[in-house]
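Let me begin by handing over the structure; questions about it come next.
No value in this document is a laboratory result; all are computed from the given coordinates. Since the model is a prediction, treat every value here as computed from it, not as a measurement. Cβ atoms come from the backbone with ideal geometry, glycine included; neighbour counts cover every protein chain shown.
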Amino acid sequence: PRVAVLDYVEPSLKGTKWGLGGTCVNVGCIPKKLMHQAALLGTAVKDARKYGWQIPESLSHDWSTMAEAVQNHVKSLNWGHRVQLQDKKVKYLNMKGSLVDTHTIRAVNGKGKEMTVTAKNIVLATGGRPKYPTHVPGAMEFGITNVALECAGFLTGIGLDTTVMVRSIALRGFDQQMSGLVTDYMEAYGTKFSWKCTPKSIEKLPSGLLRVTWMDLNTKEEHQDTFNSVLWAVGRASETKTLNLEKVGVEINKETGKIIVATDEATSVPNIFAIGDIAEGRPELTPTAIKAGKLLARRLVGHSTELMNYDNVSLLLHAYAFILVYHAFYKPLEFTVAERDATQCYIKVVCLREGDQRVLGMHFTGPNAGEVTQGFSLGFQCGLTYEHLRNTVGIHPTCAEELIKLNITKRSGLDATVTGC
């Protein structure tokens, strides 16, 4: 089959654009993790003194060097995507698309040049863009957007004075015990938090600094301070408004702007499909969208009938009486010689109480959490149980092995601190 892809980025309010690859590659996961790595290296250099390395007392970080290196890597990924499309004979159009009818797309480039594309099937995957708090004067003119705690963490790590303003609770939707450990850790390492506060306005001073006025929701008092940059993290909105969905009969959730989809990613129009962040009820996660897209492509060309399994991505709710929680506070080996505080290094495995104690979820705070949990995620596809964990021989010495050593439940009330190696 002949395939074309339309990819176009509307400039942000600051005029920022980016290349082929979507949010994750350009302004999301990839640059975020590279900057997180920059912060980790700073910590590692400090730890190195304890291991005998002769490190100068004065350390500094050069933002422009890091930014250039990150941007160069992102550009290499943009080019790699272009090459892959050419190799697969996919027509790439750097144009913004909207639906004319159920088989026709109107495409417009940045200079206003227009063309139409017709297709048997249409897949919508336009993702989302960050929201701005439009009720706050100055927010759109002077603020930028990203993920609050992740950005605050690496900004603190590279030595910048960073404050997070929280309206209610941090990491809403996540286990609040784990959220508390994360924010406690961040505070211990220098990130400041203004709890129960909401911004009122931002104004730019002649010096170029931004003066932020906010209200303490507990005392109702107003406060002010100056900052170099302000990042908003108030959620994302689906990029569906300009697609002309209602004109061609594609049903959407009017509150969220997301597209209603069936189990096969089909919309209310049988030949139009939607995947990723714009699909109602789907996790807003890059790997989930990639997997769903691959499976959909195989179905459309008749190579498979396999549907995306969202069950083990979704959140499950079970009454406390029917679950057991195994947990442990542990100290990573890397922290010992460096004499680093491991108070927030914690593991929790949630299981059904009856039968073979099927594992419902895992929580992990500590070094390399993504690397640790990736392998265990496979177990959820295979019906992982607590006995499977207990019967597994650990790879020693690792943080991951602490998950298969768990034997103390929260219900028991016993001290869950790991002793020994």
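Dividing the convex hull volume of the Cα atoms of the range 139-234 by its residue count, what figure in Å³ per residue is obtained?
101
Excluding residues fewer than 8 places away in the same chain, name every one of the lysines whose C-alpha is closer than 16 Å to that of Lys120.
Lys91
Another one. Expressed as cubic angstrom per residue, what is the convex hull volume of the alpha carbon set of the range 76-183?
Dividing the Cα hull volume of the range 76-183 by its residue count gives 243 Å³.
If neighbour count is taken as other Cβ atoms inside 10 Å, put Glu401, Glu255 in order from fewest to most.
Placing the least packed residue first, the sequence is Glu255, Glu401.
For Tyr330, Tyr346, Tyr8, which order do you get if you count the other beta carbons within 10 Å of each Cβ and list the fewest first?
Final ranking by Cβ density, sparse to dense: Tyr8, Tyr346, Tyr330.
Please work out the Kirkwood hydrodynamic radius for the range 1-133, using every pair of different C-alpha atoms, and report it in angstroms with one decimal place.
Every distinct Cα pair counted, the radius reaches 18.2 Å.
Quick one: compute the contact order of the chain, relative version, from alpha carbon pairs under 8 angstrom and 6+ residues apart, as a percent. Working shown, then result.
Details: 639 pairs, mean separation 51.2, N = 421.
It rounds to 12 percent for the chain.
How would you rank Tyr189, Tyr386, going from fewest to most other Cβ atoms within 10 Å of each one's own Cβ?
Fewest to most other Cβ atoms nearby, the residues stand as Tyr189, Tyr386.
Semi-axes of the equivalent ellipsoid for the chain, please: Cα gyration tensor eigenvalues, times 5, square-rooted, ordered largest first, whole Å.
Computed over the chain, the values are 38, 31, 23 Å.
Still on this structure, I have one more. Once the dipole of the chain is set up with Lys and Arg at +1 and Asp and Glu at -1 on Cβ about the Cα centre, which of Gly375, His303, Ile408 lies farthest towards its positive end?
His303
Using helices alone, what [θ] at 222 nm do you get for the chain, with -39,500 (n - 2.57) per DSSP H run of 4 or more residues, divided over all residues and rounded to the nearest 500?
Details: 11 runs with 120 residues, N = 421.
Here the helix-only value at 222 nm equals -8500 deg cm²/dmol.
To the nearest µm²/s, what D does Stokes-Einstein give for the range 320-412 at 4 °C and 1.567 mPa s, using the Kirkwood radius over alpha carbon pairs as Rh?
94
How much length is gained on full extension from Thr43 to Glu284, taking 0.36 nm per residue of separation minus their Cα-Cα distance? Present the calculation step by step, with values, prior to reporting the outcome.
Working: separation 241, 0.36 × 241 = 86.76 nm, distance 3.08 nm.
That works out to 83.7 nm of additional length.
For Asp225 and Asn109, what is the calculated FRET efficiency with R₀ set at 51 Å and r taken between the beta-carbons, to the nearest 0.05? Present the calculation step by step, with values, prior to reporting the outcome.
Details: r = 44 Å, r/R0 = 0.85.
Once rounded, the FRET efficiency stands at 0.70.
Given R₀ = 35 Å, what would the calculated FRET efficiency be for Ser64 paired with Lys247, taking r from the Cβ atoms and rounding to 0.05?
0.15
Eigenvalues of the Cα gyration tensor times 5, then square-rooted: what semi-axes does that give for the range 364-421, in whole angstrom, largest first?
Ellipsoid half-lengths, sorted descending, are 19, 16, 12 Å.
Right, something else. Could you give me the ³J(HN,Hα) list for the range 207-217, computed from phi with Karplus coefficients 6.51, -1.76, 1.60 and θ = phi - 60°, whole Hz, x at Gly and Pro?
6, x, 6, 9, 9, 9, 10, 9, 10, 7, 5
Then there's this: Between the alpha-carbon centers of the range 175-226 and the range 385-421, tell me the distance in whole angstrom.
About 37 Å separates the Cα centre of the range 175-226 from the one of the range 385-421.
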